[in-house]
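Q: Sharing a structure, written as structure tokens. Questions coming.
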Amino acid sequence: MQIEFDGKVALIVGAAQGIGFATANELRNSGAKVAVADINGEAAHAAADRLDGDDSQKLGVQADISSLESVEAMIQTVTDRLGAPDIVVVSAALLDDKLFLDSGPKDWKRIIDVCLYGPLNVMHAVLPGMVERKFGRIICMASDSARVGQARLSYYAAAKGGVIALIKSVAQEVGPDGVTLNVVSPGATDTELRQAREKQTKEAIGEERYAARTKKVLRMYPARRIGLPEDHANMITYLASDQASWVTGQVLSVNGGFVMP
């Protein structure tokens, strides 16, 4: 199946690295004009520079998605430079590895502001234009922790559970206007964020225990490997395409079989 996005504008939020960047790269290679957005503006511009094409086909932009004002400025910049976004992917996220009873309101707010209010702000800013143009694709990243729960990720899972409910609800409202909304739910993926966390774990528990832990983790995945950012980018690309025009309000786990809800 060949997917082409010639003439379409894609905005990928949280795309300076990891799944977001892999998605931006795949969409650009499939012909879309791509805006790379990130809270780190320098990283966003550097990531955009790594994409194929000249400046008329790609853009780096700074945005803090926990702020509606910042999101609206981001949308305006993308629209002025590339055109109104047809495809929006929200991949920005934060993680805390903490027991719930060791956490507090500041921890909860930090995660919920980005992981739940972020998608709320982005969707509220882009949906009016999509509804008016009678076309749009919105894909948000969630987590299987939101579907089955996960120790030490309680309030992150709660925020992502909110995203799932949000997507399903709004999909029912704007489906008649040619706009689809879906969720991609990743399993463990070899991103820069995970690599940093794994390095900390290895330093904390030592080489031998870390090697045993890694083997145990891999046994939990029928595919017997950790995911790659490209695994998710491929699914997102499909959901953004015309071929997926009858897919909306869905949660698609890309997780090597780790969870089969």
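Computed from the coordinates by the stated procedures, all read-outs in this text should not be read as laboratory data. Because the structure is predicted, anything quoted here is derived from the model rather than measured. As a convention, Cβ positions derive from the backbone with ideal geometry for all residues, glycine included, and neighbour counts pool all protein chains shown.
Q: At a Förster distance of 41 Å, what's the computed FRET efficiency of Val148 paired with Arg81, Cβ-Cβ distance as r, to 0.05?
A: With a Förster radius of 41 Å, E is 0.50.
Q: Given the options Leu101, Leu116, Leu228, state which has the largest fluctuation in a GNM of the chain using a 10 Å cut-off (strictly under) for Cα springs.
A: Result: Leu101 has the largest fluctuation of those listed.
Q: Give the total of Lys-Lys pairs in the chain with Cα-Cα distances below 13 Å; include a pair only if its members are 8 or more places apart or on different chains.
A: Lysine pairs, 8 or more places apart or on different chains, close enough: 5.
Q: Something else: Segment 19-42 to segment 117-175: how many Å between their Cα centroids?
A: Each part reduced to its Cα centre gives a spacing of 19 Å.
Q: Quick check on the chain: helices-only [θ] at 222 nm, where DSSP H runs of length 4 and up contribute -39,500 (n - 2.57) each and the sum goes over total residues. Nearest 500, please.
A: -15500 deg cm²/dmol
Q: Would you look at the GNM of the chain, springs on alpha carbons closer than 10 Å, and say which of Met123, Met220, Met74 moves the most?
A: Taking springs between Cα atoms under 10 Å, the residue moving most is Met220.
Q: Do any trypsin sites (Lys or Arg not before Pro) in segment 51-146 lie in a loop, going by DSSP, with at most 12 other beta-carbon atoms within 10 Å of their beta carbon, and if so which?
A: Lys134
Q: Hey, could you pull the Cα Rg and Dmax for the chain, both in Å?
A: My reading of the Cα-based Rg and Dmax gives 18.0, 58 Å.
Q: Any idea what the relative contact order of the chain is, in percent, if you count C-alpha pairs under 8 Å spaced at least 6 apart?
A: The value is 19 percent.
Q: Would you mind counting up the charge near Ala63? Only other residues with Cβ under 12 Å from its Cβ, with Lys and Arg at +1 and Asp and Glu at -1.
A: Computed value for this residue: -4.
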